[in-house]
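The values are calculated or read from the model by the stated rules, or taken from the named source; none is laboratory data. Computed from a predicted structure; not experimentally measured. Reconstructed Cβ throughout: ideal geometry from the backbone, glycine too, with neighbour counts over all protein chains shown. Note: areas computed on protein heavy atoms with side chains; ligands, DNA, RNA excluded. Shrake-Rupley method; radii C 1.70, N 1.55, O 1.52, S 1.80 Å.
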Amino acid sequence: SSGINAEWQLRPGIELTLSAKEVHWRGTADRHSPERTLPLHDSAPILDVRLSSYKRNIDVVRSHYQKEHRNWYILEGNRSKWWLNDRCAQLMNEQLTTAQHYLEKRTVGEAASIF
């Protein structure tokens, strides 16, 4: 097949880094928010279990994406949602530009880098 695997091109892995203290603070704020309509499993002990699971598994996931797809990005989770949104849009734009360049080259029969 001369086409690209569009899945790796269009679905970058984005990891947000936050301290455990910040995760708990946000969880507590969210639990007490008046806009919250449904109960969730996000008590402090549950957040501890989730953080533990994340720490136990993230290295394997990160390694896989970096090795197989080369599209794993780590962003500071304490940035504003607007900054994060803009940065994610920029990363997606870069991925789409790379995919478009590859397809244009392959369409005219030229060699094309996938990175």
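On the stretch given as the range 52-94, residues that are open to solvent by less than 100 Å² (accessible area, probe 1.4 Å) and either touching a Gly at 6+ places or on another chain (Cβ under 7 Å) or not acidic (D, E) (or both) total 30. Scanning the range 30-44 for residues that are more than 29 Å from W72 (Cα to Cα) and loosely packed, with under 10 Cβ neighbours inside 10 Å yields H32, S33, P34, E35, T37, L38, P39. Residues of the range 49-76 that are touching a helix residue (DSSP H, G or I) at 6+ places or on another chain (Cβ under 8 Å) and either in a helix (DSSP H, G or I) or free of Cβ contacts under 8 Å to residues at least 24 places away in the same chain (or both): L51, E68, H69. Hey, can you tell me all the residues within the range 58-84 that are of a type in the set (D, E) and more than 12 Å from I14 (Cα to Cα)? Answer for the range 58-84, where residues must be of a type in the set (D, E) and more than 12 Å from I14 (Cα to Cα): D59, E68. When the range 15-73 is filtered for residues that are more than 30 Å from T98 (Cβ to Cβ), at pLDDT 85 or above and among the aliphatic types (A, V, I, L, M), the ones remaining, listed by number, are A20, V23, A29, A44, I46, L47, V49, L51.
Scanning the range 95-115 for residues that are part of a helix (DSSP H, G or I), open to solvent by 80 Å² or more (accessible area, probe 1.4 Å) and either touching a residue at least 60 places away in the same chain (Cβ under 8 Å) or among the acidic types (D, E) (or both) gives L96, L103, E104, R106.
Candidates R87, R31: the one that is of a type in the set (K, R) and closer than 24 Å to G13 by Cβ is R87.
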